[in-house]
Amino acid sequence: METNQAVSQLAALAQEHRLAIFRLLVQQGQDGLAVGRIAEALGLANATLSFHLKTLAQAGLIEARQDGRFIHYSANFTAMNSLIGFLSENCCGGQKCC
């Protein structure tokens, strides 16, 4: 992962509602949730939710899929694991971690 991509993803997560959305989608696994269910679970207005979903999607942290009339969002686990790997790649200077 390049540093610019990590910065973009961390910036997307550095906001209370976006972090809550991402954590909720991680909990849901690959199936994700419909937009309405996300709004309901977090108590967010549709316009606000749409803005936050767009930011997370542009950072590559979530993915959308059409299911009939509904759009479902799910966490991009590959991107999440890449970010975690980037953050921990030089952990403990090669020494065994606690």
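Sort out which residues of the stretch 75-98 are modelled with pLDDT of 95 or more and either more than 22 Å from GLN27 (Cβ to Cβ) or surrounded by 12 or more Cβ atoms within 10 Å (Cβ to Cβ) (or both), and write them in order of number.
Of everything in the stretch 75-98, those that are modelled with pLDDT of 95 or more and either more than 22 Å from GLN27 (Cβ to Cβ) or surrounded by 12 or more Cβ atoms within 10 Å (Cβ to Cβ) (or both) turn out to be ALA75, ASN76, PHE77, ALA79, MET80, SER82, LEU83.
Please go through the stretch 22-48 and pick out each residue that is more than 14 Å from PHE70 (Cβ to Cβ) and crowded, with 18+ Cβ neighbours inside 10 Å.
Residues satisfying the conditions are PHE22, LEU25, LEU44.
Quick check, is PHE70 modelled with pLDDT under 95 and closer than 17 Å to MET1 by Cα?
So PHE70 does not fit the description; no.
Cβ-Cβ distance below 8 Å, separation of 6 or more or different chains: which pairs start in the stretch 38-65 with a residue that is at positive phi and touching a residue at least 12 places away in the same chain (Cβ under 8 Å) and end on one that is outside any helix (DSSP H, G or I) and of a type in the set (S, T, N, Q)?
Going by the 8 Å Cβ cut-off, the qualifying pairs are GLY60/ASN76.
Please verify whether ALA6 is touching a residue at least 40 places away in the same chain (Cβ under 8 Å) and in contact with a strand residue (DSSP E or B) (Cβ under 9 Å, 6 or more places away or on another chain), treating the condition exactly as stated.
no
Name the residues in the stretch 43-74 that are closer than 12 Å to ALA12 by Cβ and outside any loop (DSSP other than H, G, I, E, B), would you?
Correct list: PHE51, HIS52, LEU53, LYS54, THR55, LEU56, ALA57, GLN58, ILE62.
Report yes if ALA57 is surrounded by fewer than 16 Cβ atoms within 10 Å (Cβ to Cβ), at pLDDT 95 or above and in contact with an Asp or Glu (Cβ under 9 Å, 6 or more places away or on another chain), otherwise no.
Here the answer is yes, as ALA57 does meet what is asked.
The values are calculated or read from the model by the stated rules, or taken from the named source; none is laboratory data. Only a predicted model underlies this, so the values are computations on that prediction, with no experimental measurement involved. So basically every Cβ, Gly included, is an ideal-geometry build from the backbone, and we count neighbours across all protein chains shown.
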